[in-house]
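The values are calculated or read from the model by the stated rules, or taken from the named source; none is laboratory data. What you see is a predicted model, and the numbers here were worked out from it, not measured in a lab. Please note: Cβ atoms are built from the backbone with ideal geometry, for glycine as well, and neighbour counts cover all protein chains shown.
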């Protein structure tokens, strides 16, 4: 009975919040009119609605022990929880028309969130077997389960054409990409190389997909991957950016730096993708945003956030999860910058200057 007042307090406080203007770093020439939308906690994977007036994102904040799904208006107001408040959630998206939402959750396997993975073996992601993909009304009501296969189903996003969902699943024994209709029917497997395939997004015309996957790996790396997969884990320290046609054909590797490249998204020109990478940092701790030409692989650095240069306390320096609006005039991303506490991640929106 004590949970409800706490929940109301959190939602009311979020409703009163509005965006705070911030100044991009001098090198960040593409970013103008930067605004911070969230303040405190761990807020990540914020993606535009089809109408581009709202964002949907995952957040760990009181009173919740693990990520739940929230929506917020683009000025930072009106934040509200739209998942069940149970289990652990990830990878949310709006469906066409913005009247329904899409996200992955473990709540079907129990009210308590599964415990985070043990990082004594290094940084790993957990492929919780109780993750399934759900749709719900935009206010979180009327949830419907789309997937019902054994094991991990998550990382779902929707084509801008509004006809297909791409997602990650272990249903065939490896971590592969699949597509399906908006109601969960007509599931088609898109990838078939051994190794993790995930974090996929459609191009703006719906004809291509960008995603993260390993490049060519040695036998030691393949053996480690297989052992971790048996434990429901994956180590994301060596992932490259790939593109393919929406039907799974014409796969092509874009980056070749052997580091952690992830969260790719298409620039509306269809010629470039923006993504997060640590390839420029020998220690592998600093993640910034980069643009890559999908044909040539040529890179341009977009963000330059490093706490050591700002003289503030040291933590992992992170910019990630970028997404453009359809006209390339705005960019949303998540960052550790302007934290009140170590390791906080917040949502930022900037006007894009080409």
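The figures follow:
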| item | result |
| --- | --- |
| Identity of the residue in segment 330-349, surrounded by fewer than 21 Cβ atoms within 10 Å (Cβ to Cβ) and in contact (Cβ under 8 Å) with a residue 60 or more places away in the chain, that ends up nearest to residue 24 (Cα to Cα) | 338 |
| Residue match in segment 194-214 (condition: surrounded by fewer than 17 Cβ atoms within 10 Å (Cβ to Cβ), out of contact with any helix residue (DSSP H, G or I) (no Cβ under 7 Å at 6 or more places or on another chain) and more than 23 Å from residue 324 (Cβ to Cβ)) | no |
| Any hit, segment 59-69, residues being under 14 Å from the mean Cα position of the chain (by Cα), within 21 Å of residue 339 (Cα to Cα) and in a loop (DSSP other than H, G, I, E, B) | yes |
| Residue list for segment 142-168, restricted to those being touching a strand residue (DSSP E or B) at 6+ places or on another chain (Cβ under 9 Å), loosely packed, with under 14 Cβ neighbours inside 10 Å and either modelled with pLDDT under 95 or part of a loop (DSSP other than H, G, I, E, B) (or both) | 142, 148, 149 |
| Those residues of segment 214-242 which are in contact (Cβ under 8 Å) with a residue 60 or more places away in the chain, more than 15 Å from residue 153 (Cα to Cα) and in a loop (DSSP other than H, G, I, E, B), in sequence order | 235, 236, 237 |
| Search result, residues across segment 96-126 that are in contact with a strand residue (DSSP E or B) (Cβ under 6 Å, 6 or more places away or on another chain) and in a loop (DSSP other than H, G, I, E, B) | 117, 124 |
| Residue tally, condition closer than 16 Å to residue 139 by Cβ and in a loop (DSSP other than H, G, I, E, B), over segment 38-58 | 3 |
| Filter result for residue 205 (touching a residue at least 60 places away in the same chain (Cβ under 8 Å) and out of contact with any strand residue (DSSP E or B) (no Cβ under 6 Å at 6 or more places or on another chain)) | yes |
| Qualifying positions in segment 243-252 - surrounded by fewer than 17 Cβ atoms within 10 Å (Cβ to Cβ), touching a residue at least 40 places away in the same chain (Cβ under 8 Å) and outside any loop (DSSP other than H, G, I, E, B) | 252 |
| So residue 186, is it at pLDDT 95 or above, assigned to a loop (DSSP other than H, G, I, E, B) and over 24 Å from residue 152 (Cα atoms) | no |
| Filtered residues of segment 189-201 (kept if part of a strand (DSSP E or B) and without any contact (Cβ under 8 Å) to a residue 60 or more places away in the chain) | 189, 198, 200 |
| Hey, residue 139 in a loop (DSSP other than H, G, I, E, B) and within 23 Å of residue 323 (Cα to Cα) or not | yes |
| Residue among 204, 211 that is part of a loop (DSSP other than H, G, I, E, B), under 19 Å from the mean Cα position of the chain (by Cα) and within 23 Å of residue 101 (Cβ to Cβ) | 204 |
| Subset of segment 53-92 (residues that are surrounded by 18 or more Cβ atoms within 10 Å (Cβ to Cβ) and at positive phi) | 76, 87, 91 |
